[in-house]
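One structure is given below, encoded as structure tokens.
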Amino acid sequence: MTEKLFNVGQIINTHGIKGEVKVRRITDFEERFKPGQLLYWVNDKNNVKELTVKSHRVHKGFDLLTFEGHSSINDVEQYRDGYLKVPKSEQEELGDHEFYFHEIIGSEVFLMNDEKVGEVKEILTPGANDVWVVRRHKQKDVLIPYIEQVVKEVDVENKRVIIDPIEGLLD
């Protein structure tokens, strides 16, 4: 696979004995885990393996998947801690003010007065809106809700985000 791959999930554990894996989702696109979807599993050694989703269900906030040809825990244990990815060609055009996680993660975050807040290290998807986890220098991380009244500008090309925090957000 020479095309660039993008994360859609991380296999964090096996689930039961029938080949199910527990996945931490890194995408807002539900169809990434539909039966028949081809995913690429990649580990920290950059080994790549094609996996086709056989089944998908949500359980206690995690996605549980099985893959074709993998019917027992012994078949899927090797995939633990690896990432599930899709090729760039499968990325869809997004609307205004919509971004892929990889476009935001690593962006520097600044206040309206150009004071640096930190760098986006992770994106959480707890419900109504995404929450950007920003790593700050010698301070604890801050959670920035991706809402219009807080996030004022996103420059994907320059990896730069401008925010106008609501009172108490950075405390």
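Of the conditions (1) surrounded by fewer than 17 Cβ atoms within 10 Å (Cβ to Cβ); (2) of a type outside the set (Lys, Arg); (3) touching a Ser or Thr at 6+ places or on another chain (Cβ under 9 Å), ASP75 clears all except one; give me its number.
(3)
How many of the residues in the stretch 81-98 are surrounded by 17 or more Cβ atoms within 10 Å (Cβ to Cβ) and either in a loop (DSSP other than H, G, I, E, B) or in contact with a Pro (Cβ under 7 Å, 6 or more places away or on another chain) (or both)?
Total meeting the criteria: 1.
Give me the pairs: first residue in the stretch 68-82 and aliphatic (A, V, I, L, M), second residue surrounded by fewer than 15 Cβ atoms within 10 Å (Cβ to Cβ), beta-carbon distance under 9 Å, and six or more apart or on different chains, which are they?
Qualifying pairs under 9 Å: ILE73/GLY16; ILE73/ILE17; ILE73/LYS18.
Output the residue which, of all residues in the stretch 124-170 that are touching a residue at least 40 places away in the same chain (Cβ under 8 Å) and closer than 26 Å to PHE62 by Cβ, is nearest to the chain's Cα centre (by Cα).
Within the stretch 124-170, the match that is nearest to the chain's Cα centre (by Cα) is THR125.
Among (1) more than 18 Å from GLU3 (Cβ to Cβ); (2) free of Cβ contacts under 8 Å to residues at least 40 places away in the same chain; (3) surrounded by fewer than 19 Cβ atoms within 10 Å (Cβ to Cβ), where does ASN46 come up short?
(1)
Looking at the stretch 131-171 only, could you name the residues that are among the charged types (D, E, K, R) and farther than 14 Å from GLU103 by Cα?
Of everything in the stretch 131-171, those that are among the charged types (D, E, K, R) and farther than 14 Å from GLU103 by Cα turn out to be ARG135, ARG136, LYS138, LYS140, ASP141, GLU148, LYS152, ASP164, GLU167, ASP171.
What are the residues in the stretch 158-171 that are assigned to a loop (DSSP other than H, G, I, E, B), modelled with pLDDT of 90 or more and not polar (S, T, N, Q), if any? Lay out the reasoning, then the answer.
The initial filter retains those residues of the stretch 158-171 that are assigned to a loop (DSSP other than H, G, I, E, B), namely 158-159, 164-171.
Next, only the ones that are modelled with pLDDT of 90 or more stay: 158-159, 164-165.
Selection gives LYS159, ASP164, PRO165.
If you go through the stretch 9-38, how many residues are over 14 Å from VAL76 (Cα atoms) and either surrounded by 14 or more Cβ atoms within 10 Å (Cβ to Cβ) or in contact with a His (Cβ under 8 Å, 6 or more places away or on another chain) (or both)? Outline the logic, then answer.
Just the residues of the stretch 9-38 that are over 14 Å from VAL76 (Cα atoms), to begin with: 9, 24-38.
Going one step further and asking which of them are either surrounded by 14 or more Cβ atoms within 10 Å (Cβ to Cβ) or in contact with a His (Cβ under 8 Å, 6 or more places away or on another chain) (or both), we end up with 9, 24-29, 32-35, 37.
Residues in the stretch 9-38 being over 14 Å from VAL76 (Cα atoms) and either surrounded by 14 or more Cβ atoms within 10 Å (Cβ to Cβ) or in contact with a His (Cβ under 8 Å, 6 or more places away or on another chain) (or both): 12 in total.
The conditions are (1) of a type in the set (Val, Ile, Thr); (2) touching a residue at least 24 places away in the same chain (Cβ under 8 Å); (3) buried (at least 17 other Cβ atoms within 10 Å of the Cβ), and ILE105 fails exactly one of them. Which is it?
Only one criterion is unmet by ILE105, namely (2).
So, in the stretch 142-166, of the ones that are touching a Leu at 6+ places or on another chain (Cβ under 9 Å) and exposed (fewer than 15 other Cβ atoms within 10 Å of the Cβ), which residue ends up nearest to GLU115 (Cα to Cα)? Explain how you work it out, then say what you get.
Our first condition is that a residue be touching a Leu at 6+ places or on another chain (Cβ under 9 Å); within the stretch 142-166, this holds for 142-145, 150, 162-165.
Of the ones still in play, those that are also exposed (fewer than 15 other Cβ atoms within 10 Å of the Cβ) are 143, 164.
Details: LEU143: 17, ASP164: 11 Å.
That would be ASP164.
Checking the structure you have, find out if any residue of the stretch 66-80 is at pLDDT 95 or above, in a strand (DSSP E or B) and touching a Leu at 6+ places or on another chain (Cβ under 6 Å).
yes
Are any residues in the stretch 116-146 modelled with pLDDT of 90 or more and part of a loop (DSSP other than H, G, I, E, B), and if so, which ones?
Matches in the stretch 116-146: ARG136, HIS137, LYS138, GLN139, LYS140, ASP141, TYR146.
The values are calculated or read from the model by the stated rules, or taken from the named source; none is laboratory data. Because the structure is a prediction, the values reported are computed rather than measured. Note that each Cβ is placed from the backbone with ideal geometry, even for glycine, and that neighbours are counted across all protein chains shown.
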